[in-house]
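Take a look at the structure set out below.
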Amino acid sequence: MDDISFACCFCGEGIETDPDVSRGLDPCAVLVIANWREPEPRQLAQQFFCHLHCFKGKMRDATYMDLDSMEPGDQA
C-alpha cells in the first residue's frame, strides 16, 4: 500500500510523517463541526490536515493546547 500524503491547510506544504522530524505528532487533523448546537443529524463535519506548529501559530493563545504532555489515548 502506498503512503498517504498530506498537505497542511494553513501553509500548503506537505506534512512529513517521519517521527524524527515531526516528533510523531504530525499530521494533525482539525475537525470542523458546523451547526454544533443542532441535533447530530443536522450537523455537518469536515476534516482538515495541518502541521501542529501551523495550527498553534493560528491560535490566539497557543497555551490552550498541551499535546506535548499527553500520552497516546488521552483525550482533552
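The values are calculated or read from the model by the stated rules, or taken from the named source; none is laboratory data. This one's a predicted model, so the numbers in the text were calculated from it and none came from an experiment. Please note: Cβ atoms are built from the backbone with ideal geometry, for glycine as well, and neighbour counts cover all protein chains shown.
Descriptive notes on the structure:
- Answer residue from the range 23-32, given it is closer than 16 Å to C8 by Cα and in contact with a helix residue (DSSP H, G or I) (Cβ under 9 Å, 6 or more places away or on another chain) and is modelled with the lowest pLDDT among those: L25
Residue-by-condition table, conditions (1) modelled with pLDDT under 95; (2) exposed (fewer than 13 other Cβ atoms within 10 Å of the Cβ); (3) of a type in the set (K, R):
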site: F6; (1), (2), (3): yes, no, no
site: E16; (1), (2), (3): yes, no, no
site: A34; (1), (2), (3): no, yes, no
site: L52; (1), (2), (3): yes, no, no
site: R60; (1), (2), (3): yes, yes, yes
